[in-house]
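The values are calculated or read from the model by the stated rules, or taken from the named source; none is laboratory data. Computed from a prediction, not measured in an experiment: that's the story for all the values here. Here the Cβ positions follow ideal geometry from the backbone for every residue, glycine too, while neighbour counts run over all protein chains shown. We work out accessible area using only protein heavy atoms, side chains counted, and drop any ligands, DNA or RNA first. Shrake-Rupley method; radii C 1.70, N 1.55, O 1.52, S 1.80 Å.
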Amino acid sequence: MNFHQYYPVDVVNGPGTRCTLFVAGCEHQCRGCYNQSTWDPRSGNEFTQAMEDQVIADLQDTRIKRRGLSLSGGDPLFADNLPAMLALVKRVKRECPDKDIWLWSGYQLAEMSLKQQQVLAYVNVLIDGKFEQDLADPSLKWKGSANQVVHDLSQLIVLS
């Protein structure tokens, strides 16, 4: 998996102070996407073990308390990203159990593959649906267009 940006301190992408990772790879190619540079899964930088370790260290940093991790892109649930995403969210829940995970995806919850659902088992909040420029509304909270849905998955989490 590749990534484009990592923000160790972010107050825009989800509630509270967070760590935010923007991954590469997206097949949706939504008209009006503000992050088109992330569509190519080969773009950006490799998400290495050192980078994963940095995310965990930042989440555990007591000097700047973070509420959780936000995952966006590109699309974190793009097929090529699933192995690394699953490893990351499992590790966050294991080593930072008090942190929440928010994930933005163009895929709709009802249409998720089994592999995508495996990642979602560790996610607290999913914002799903493609960005639709004709339904864009900057006043919406946590989403870019009116068709997107914010799902609280907290009650559905089953960790194995």
What lysines sit close enough to LYS90 to cross-link, taking a C-alpha to C-alpha distance under 22 Å and skipping anything fewer than 8 places away on the same chain?
-> LYS65, LYS99, LYS115
Based on Cβ point charges of +1 for Lys and Arg and -1 for Asp and Glu, what charge dipole magnitude is obtained for the stretch 59-114 about its Cα centre, in debye rounded to the nearest 20?
-> 400
Of all accessible heavy-atom area on the chain, the percent that carbon and sulfur account for (1.4 Å) | 52
Counting pairs of alpha carbon atoms under 8 Å apart in space and at least six apart in sequence, what relative contact order in percent does the stretch 1-116 give?
-> 29
Going by a ≥ b ≥ c, the root eigenvalues of the Cα gyration tensor, does the stretch 23-108 fall in the rounded group (a/c under 1.5), the prolate group (a/b larger than b/c) or the oblate group?
-> prolate
If each K or R counts +1 and each D or E counts -1, the residues other than LYS93 whose Cβ falls under 11 Å of its Cβ total +1
Which aspartates and glutamates, on any chain, are close to LYS130 with Cα under 14 Å apart, when same-chain ones fewer than 8 places away are left out?
-> GLU27, ASP75, GLU111
Across PRO97, PRO15, PRO83, the residue with the highest GNM fluctuation in the chain (Cα network, 10 Å cutoff) is PRO97
Working note, the chain: Cα radius of gyration (Å, one decimal) and Dmax (Å, whole number) are 14.5, 42
